[in-house]
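The values are calculated or read from the model by the stated rules, or taken from the named source; none is laboratory data. All values derive from a computational prediction rather than experimental measurement. With ideal geometry, Cβ positions are generated from the backbone for all residues, glycine too; neighbour counts draw on all protein chains shown.
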Amino acid sequence: MKKNKYFITLLRPYRYLIVGSIVSLIVFANLGLVLPWMLKIIIDRVLGASDLGLLYAILGSIVLIYAMRSIFFYMSHYFLFYISQRLMFDIRKKLFKHLQNLSLRFYTEYRAGKLISNVISDVARLEQMIFASLATVAMNTFVIVFITGVLFMMCPKIALICLILIPLQLVNFIYFRKIMQTQQIDLSEKMSEISANLAETINGVRVVKSFAKERTENRNFVSQLRPVLDLTININMNGVYLWILAELINIGCILVVLAAGGSMVMNGTMTIGEFVAFYTYLGMLLGPIVSISGLSTTISNGLAGASRIMKLLNTIPEIVECENPVALKEMNGGVSFKDVIFGYNGKSVIKHFSLDISPGQKIAFVGPSGSGKSTIANLLLRFYDVNSGSISVDGHDIRTLALESYREKIGVVLQEPFLFSGTIEENIAYARADASPDEILAAAKMANVEEFVKKLEKGYKTEIGENGAMLSGGQKQRIAIARSVLNNPKMLILDEATSALDTVSEYLVQDALDHLMKNRTTIIIAHRLSTVKNADLIVVMENGEIKQTGTHEALIKEEGVYRQMYMSQEEKAFRKITGKMIIDDIDDDFKEFPENNVFGEFEDEYEPDEKYDANKARLSGKRHAEVFKPVMGKTNINMKNSGMKADL
Ligand SMILES: Nc1ncnc2c1ncn2[C@@H]1O[C@H](COP(=O)(O)OP(=O)(O)OP(=O)(O)O)[C@@H](O)[C@H]1O
Ligand SMILES: [Mg+2]
């Protein structure tokens, strides 16, 4: 019932239009009812008395009545279309706004395809229900009442018999409606499940193809589609049964009229005109009853849609602003985690986490996969609220801050950067719509986006496809970095922001980032320890707890996780590389290397057939060595024909 109440409040702004459309529909429908009466007059009075004047008068009134009917038809339908489309617009607007407010937790639980089906199909079903029920009910109830009155006036006896048959029609209607509504809910559920799976297979097409799972996916799709086929046929067939029964009841009525009316005409208690009019009115009565019965499918469809929309609208956003949120004008960037405990679904992920970060400090989080580094970033961005403890920024508990004013001061590069389809320029400008082209260019240069954009025919105007499908992982990351710095944020969160870059690009981007990090609180999350060496403080996490803190120099001296991680990464990277190496001929050159030479995985660093600009590698001193420290060997990558040459 609450559901109905909610939709009634949505209809409120259009109440006058609704009344207008109902009135014009009633007038439109009732104007059509005069025709049988005119027929009666023509048969009984014009034909019998050859009254030509009366005939012309009747014809004239028919023309007039039908002209008016057209006007009312136009008005009523314009109002109806307007109301129903406006309503659909309003609900979609509300739904979208609501979806934007829902927390990330909701999105991890609810599938995207289902949401799309809610916003598109369910709203359309609801709109159809409102349109059809308004039109059919408004038009037909009055017709039914009016005709019933006329029938009783003309011949109460036959009218009574017919009206006994009408409740049967209602029983028929209610019975099938119930069945069809349950089936319809089931069908919509199945359809939204299919649309969710469809969205997933389309997004995951690379995985499907690379595992050669096309046939399995086809089979899965068909196995989901099959029950829908059966169910849809079943629902439609129930509609057919309903219609057949309705027709049988109709025929019963017609037979009664023909038999009873015919004999009354024969014994003179009814005129021929009355008989024809009665029969025509009865025909006109049965039509509206059947069409009201036919509403059942549309109504059950609409109600099913409505209940899913309501379920969505009733989902309470987890992250809400407090009553009088503080709008952050300026941010210094001092952060304080106080005994934070957090878990996604009850399972503890962050345990008693306390840390103070001074404004402008550069903090690095390192630690094994799953240790909770990204979770700390999620909490700081208030994507989730802590279970206990608190996070404060500049002395304000972040739960007391106005969300928009807070988040817009933070620049974020998420672990899995997402880009919108559109141009490179549009994606960078996403952070700030009013950024000037110069500002966009400066951000792009800083993030080393310029380097690959130069080679593109359309430059910054290049369309990048869905989630940057036309770009490499590293290129996507660079755009994400440019986007995050465009806003000149006071705090930067870089979650594996440079992990997909090759060492040269990483060096260049890192250099720019180092420059940018000055005077900004920066949180860097990285697996490659070489990128966090010059952080002011390195926080080593394990199982949601801080294991060690300190600078690189201090931590490297300490026995512990950090040193182990560092050693294993360094060892992997290079032990001793001397002399010259021509990568082209790695197989041969490999032999020339000293026996104890351990090589790292080259795959991570360069695509085997990527053309490599050796000049770029000739940076300077230390970097030069770092660029080539992880070379091949163990992995036995065939670098022949790669055209790579490098001095070491
Ligand atoms: N949305 C989520 N719902 C439930 N559990 C989650 C969710 N996100 C992360 N987790 C769990 O929380 C733990 C910490 O995850 P988190 O992403 O913070 O790790 P991480 O340190 O960033 O790891 P990585 O280095 O691999 O990125 C993991 O055990 C993970 O399974
Ligand atoms: Mg992570």
request  = Determine which member of the set K445, K458, K373 is among the basic types (K, R), within 16 Å of ligand 1 (Cβ to nearest atom) and within 29 Å of V504 (Cβ to Cβ).
outcome  = K373
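If you check E318 against the conditions, is it in contact (Cβ under 8 Å) with a residue 40 or more places away in the chain and part of a loop (DSSP other than H, G, I, E, B)?
yes
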remark   = By residue number, the members of the range 494-544 that are without any contact (Cβ under 8 Å) to a residue 40 or more places away in the chain, more than 16 Å from ligand 2 (Cβ to nearest atom) and touching a Gly at 6+ places or on another chain (Cβ under 7 Å) are L501
query = When the range 368-395 is examined, which residues are found to be farther than 19 Å from T522 by Cα, surrounded by fewer than 21 Cβ atoms within 10 Å (Cβ to Cβ) and of a type in the set (S, T, Y)?
reply = S369, Y384, S388, S390
remark   = Picking from I350, I410, I363, the residue that is more than 9 Å from ligand 1 (Cβ to nearest atom) and either modelled with pLDDT under 90 or in contact with an Asp or Glu (Cβ under 9 Å, 6 or more places away or on another chain) (or both) would be I363
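Residues checked against (1) within 16 Å of ligand 1 (Cβ to nearest atom); (2) modelled with pLDDT of 90 or more; (3) closer than 19 Å to A377 by Cα; (4) in the same structural domain as A377 (by TED's automatic domain parsing):
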site: I479; (1), (2), (3), (4): no, yes, no, no
site: I493; (1), (2), (3), (4): yes, yes, yes, yes
site: D502; (1), (2), (3), (4): no, no, no, no
site: S505; (1), (2), (3), (4): no, no, no, no
site: L508; (1), (2), (3), (4): no, no, no, no
site: N519; (1), (2), (3), (4): no, no, no, yes
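Given the residues A304, A327, which is the only one that is of a type in the set (G, A, S) and either farther than 30 Å from L513 by Cα or surrounded by 18 or more Cβ atoms within 10 Å (Cβ to Cβ) (or both)?
A304
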Residue list for the range 342-374, restricted to those being polar (S, T, N, Q) and within 11 Å of ligand 2 (Cβ to nearest atom) = S369, S371, S374
ask   = When you go through N345, N314 one by one, which is the residue that is within 16 Å of ligand 1 (Cβ to nearest atom) and within 30 Å of I185 (Cα to Cα)?
value = N345
task = List every residue pair whose Cβ atoms lie under 6 Å apart, where the two residues are 6 or more positions apart in sequence or sit on different chains, the first residue falls within the range 441-467 and is closer than 16 Å to G422 by Cβ, and the second residue, located anywhere, is of a type in the set (D, E).
result = A444/E450; Y460/E425
query = Picking from I179, I130, I185, which residue would you name as being closer than 27 Å to G252 by Cα and over 16 Å from the mean Cα position of the chain (by Cα)?
reply = I179
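For (1) of a type in the set (D, E, K, R); (2) within 13 Å of ligand 2 (Cβ to nearest atom), each residue gets a yes or a no:
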residue: I376; (1), (2): no, yes
residue: L379; (1), (2): no, yes
residue: G389; (1), (2): no, no
residue: H396; (1), (2): no, no
residue: R399; (1), (2): yes, no
residue: S405; (1), (2): no, no
residue: K409; (1), (2): yes, no
residue: Q415; (1), (2): no, yes
inquiry  = Scan the range 474-484 and tell me whether some residue there is among the polar types (S, T, N, Q), touching a strand residue (DSSP E or B) at 6+ places or on another chain (Cβ under 8 Å) and outside any loop (DSSP other than H, G, I, E, B).
reply    = yes
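Go through the range 214-239 and give me each residue that's of a type in the set (V, I, T) and exposed (fewer than 12 other Cβ atoms within 10 Å of the Cβ).
T216, V222, I233
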